[in-house]
Amino acid sequence: MDGEWKPNEESLQQLLEMGISKEDAEEALRNTGNSSVVFAADYAFAKQDKIDPFLSRVYQIPEGCKMVFVVNTDLGMSIGKTAAQVGHATLGLYQKLTASPQYAEDLINWEDNGGKMVVLKGLNYQHLKLLEKEAEVNKLPAHCITDAGLTEVQSGSTTVLAIFGKETQVNNVTGELALLQ
């Protein structure tokens, strides 16, 4: 039957390697929505310790995180240039996140849940700077890319703003922006 639930095989194998029985591992994966081997393991261990897994701190699946990139469309960058600038923004923001322990839990959440990324249209330099300030007010890590000016845009041009955080918080800053197409 196509609609029948199946455990994520890779997660199931990892749980079995932790010494969790197949029955408990499958139950844990089912009850945590196959979302994370970490959540499933915590669920299974809570059950083994006779703690209600539904009351476990870790079982409560946290809100997803995402990384957004706001492109300065006023610069008229080509698709290739835009892709390169978004790549620079990804690396810059990721380095900032990994260098600060305060972002560790959200970064793990983001990585465990597929590393959601969205590329959005920004109007111009002033718009990106306004969004950066708004991110700062909302305590969201952000990173702006300033181009060296070796190819398509003038040296010192702000090309992309990257912002990271819980989806609802990021949406408070960028939720009204259109996808870059």
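Evaluate the following for A89: is it more than 19 Å from T174 (Cβ to Cβ), at pLDDT 95 or above and hydrophobic (A, V, I, L, M, F, W, C)? Spell out how you get there, then give the answer.
Details: more than 19 Å from T174 (Cβ to Cβ): no; at pLDDT 95 or above: yes; hydrophobic (A, V, I, L, M, F, W, C): yes.
No.
Just checking: which of the helices (runs of 4 or more DSSP H) contained wholly in the stretch 1-49 hold 1 or more residues that are assigned by TED's automatic domain parsing to the domain that holds W110 and aromatic (F, W, Y)? Before you say what the answer is, go through the steps one by one.
Values: elements: 9-17, 22-31, 37-48.
Answer list for the stretch 1-49: none.
Among the candidates T151, T174, single out the residue that is farther than 14 Å from M67 by Cα and either surrounded by 14 or more Cβ atoms within 10 Å (Cβ to Cβ) or touching a residue at least 40 places away in the same chain (Cβ under 8 Å) (or both). Reasoning before the result, please.
Working: T174 fails: farther than 14 Å from M67 by Cα.
None of the others qualify; the one that does is T151.
Any chance the stretch 123-130 includes a residue that's over 16 Å from G76 (Cβ atoms) and touching a strand residue (DSSP E or B) at 6+ places or on another chain (Cβ under 9 Å)? So that I can check it myself, show each step before the final result.
Taking the stretch 123-130 and keeping what is over 16 Å from G76 (Cβ atoms), we get 126, 129-130.
Checking which are touching a strand residue (DSSP E or B) at 6+ places or on another chain (Cβ under 9 Å) leaves us with 129.
Taking every residue of the stretch 123-130 in turn, at least one turns out to be over 16 Å from G76 (Cβ atoms) and touching a strand residue (DSSP E or B) at 6+ places or on another chain (Cβ under 9 Å).
Condition first: among the β-branched types (V, I, T) and within 19 Å of L97 (Cβ to Cβ). Now tell me which residues in the stretch 138-161 satisfy that.
Keep residues of the stretch 138-161 that are among the β-branched types (V, I, T), which gives 145-146, 151, 153, 158-160.
The answer is I145, V160.
Of all residues in the stretch 78-122 being surrounded by fewer than 17 Cβ atoms within 10 Å (Cβ to Cβ) and of a type in the set (S, T, Y), which is farthest from S35 (Cα to Cα)?
Out of the qualifying residues, it is S78.
Take the stretch 131-158 and flag every residue that is within 18 Å of M77 (Cα to Cα) and not small (G, A, S).
Keep residues of the stretch 131-158 that are within 18 Å of M77 (Cα to Cα), which gives 144-158.
Within the stretch 131-158, C144, I145, T146, D147, L150, T151, E152, V153, Q154, T158 qualify.
The values are calculated or read from the model by the stated rules, or taken from the named source; none is laboratory data. Quantities reported herein were computed from a predicted structural model and do not represent experimental measurements. Cβ atoms come from the backbone with ideal geometry, glycine included; neighbour counts cover every protein chain shown.
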